[in-house]
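This report concerns only the one structure given below.
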Amino acid sequence: MATLQQLSTRHVLGIKYLTEADINLIFETAEEFKEVINRPIKKVPSLRDITVANLFFENSTRTRISFELAEKRLSADVVNFSASSSSVKKGETLLDTVNNILSMKVDMVVMRHPAPGAHHFLSRHIDANIINAGDGTHEHPTQALLDSFSMREQIGDLRGKNIAIIGDILHSRVALSNIFCLTKLGANVRVCGPPTLIPKYIKELGVEVSYDIRDTLHWCDVANILRIQLERQDLRYIPSLREYAQYFGVSRELLDELDKPIVIMHPGPINRGVEITSEVADSEHSIILQQVENGVAVRMAVLYLLAAMR
Ligand code: CP
């Protein structure tokens, strides 16, 4: 695959630092890789001789497997690191851990870390290309890229389209990265959830706020539904999960009231019966599994474009 254009950055630390041209270049490249991964032979030699380390300091199913598959389909050499079974448990610092791994001649680092900004810190100290696979409640750029890529497949150019992000906005790195990505692409973005789970500053990012799920579903072309992040709720932001499901859960009854098409998305993992019922998650409106499929192509595109700048 020949790419003449280049990204404006040698790391993908967050959508905030990508331009609209970067995002569109990633999408164009991902379209080509989507075609590749649907062939009988899914592998291309683009990252031969490149070694990628996947460093996961927090749990993951989709992102970790998706990056590993993307790297292997590009013929990269891959090493996987999980904090729970590493010397981090013995007190080793992030920088020492990463420098030890890099001294084994690693070219690119994909990292998930609970501390917002951990990737910025690393980018000032190491030479490898860094891809943020989620930093605390801050950003999850490749999730937002695959979300917007999946929306475009369903409804075309996102400029002027109405996109709702529903749920626990306060704790969600997916929400922040989606907001940056969608507003750069010209979409109208609305967040919807209980007031306690919507940050006060959010309107400054150019989004609308609604506390009315019914009105929001009528308004939007796409509803990207986020999970309640139980592991990050050190305070009680909602009275109970049952009450959340009653007032903000997306159910078949709500969708049946709509007299228009709607695309239902969820980045996973899903709390079935809380933010979304199984009937909706598995319905004809849902593209949740297409999102996962697109994740591999989008991550191949990001890896490929960063490797091209080495
Ligand atoms: N969407 C997402 O980031 O899922 P994982 O936590 O399983 O990687």
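Within this structure, R227 passes the test of being buried (at least 18 other Cβ atoms within 10 Å of the Cβ), modelled with pLDDT under 95, basic (K, R) and assigned by TED's automatic domain parsing to the domain that holds A164. When the range 122-162 is filtered for residues that are surrounded by 16 or more Cβ atoms within 10 Å (Cβ to Cβ), farther than 19 Å from A223 by Cα and away from the ligand (no atom under 16 Å from the Cβ), the ones remaining, listed by number, are L122, S123, I126, A128, N129, I130. Being closer than 23 Å to T9 by Cα and of a type in the set (A, V, I, L, M) is the filter; apply it to the range 102-121 and report the residue that is farthest from the ligand (Cβ to nearest atom). Within the range 102-121, the match that is farthest from the ligand (Cβ to nearest atom) is L102.
Every residue in the range 64-74 that is outside any loop (DSSP other than H, G, I, E, B), touching a helix residue (DSSP H, G or I) at 6+ places or on another chain (Cβ under 7 Å) and buried (at least 18 other Cβ atoms within 10 Å of the Cβ), please.
Looking only at the range 64-74, we keep the residues that are outside any loop (DSSP other than H, G, I, E, B), and these are 64-73.
Adding the requirement that they be touching a helix residue (DSSP H, G or I) at 6+ places or on another chain (Cβ under 7 Å) leaves 66-67, 69-71, 73.
S66, F67, A70, E71, R73 - these are the residues of the range 64-74 that are outside any loop (DSSP other than H, G, I, E, B), touching a helix residue (DSSP H, G or I) at 6+ places or on another chain (Cβ under 7 Å) and buried (at least 18 other Cβ atoms within 10 Å of the Cβ).
Count of the range 251-310 residues, restricted to those that are of a type in the set (G, A, S) and under 30 Å from A128 (Cβ atoms), is 6. Taken over the range 52-82, the criterion of being away from the ligand (no atom under 14 Å from the Cβ) and at negative phi is satisfied by V52, A53, E71, K72, R73, L74, A76, D77, V78, V79, F81.
Would you point out the residue of the range 156-203, among those that are among the aliphatic types (A, V, I, L, M) and part of a loop (DSSP other than H, G, I, E, B), that is farthest from E28 (Cα to Cα)? Step by step, filter the range 156-203, then rank; the result is I198. Would you check which residues across the range 2-49 are in a loop (DSSP other than H, G, I, E, B), surrounded by 13 or more Cβ atoms within 10 Å (Cβ to Cβ) and hydrophobic (A, V, I, L, M, F, W, C) and list them? Within the range 2-49, L7, L13, L18, V44, L47 qualify.
The values are calculated or read from the model by the stated rules, or taken from the named source; none is laboratory data. Only a predicted model underlies this, so the values are computations on that prediction, with no experimental measurement involved. Virtual Cβ from ideal backbone geometry, glycine too; neighbours counted across all protein chains shown.
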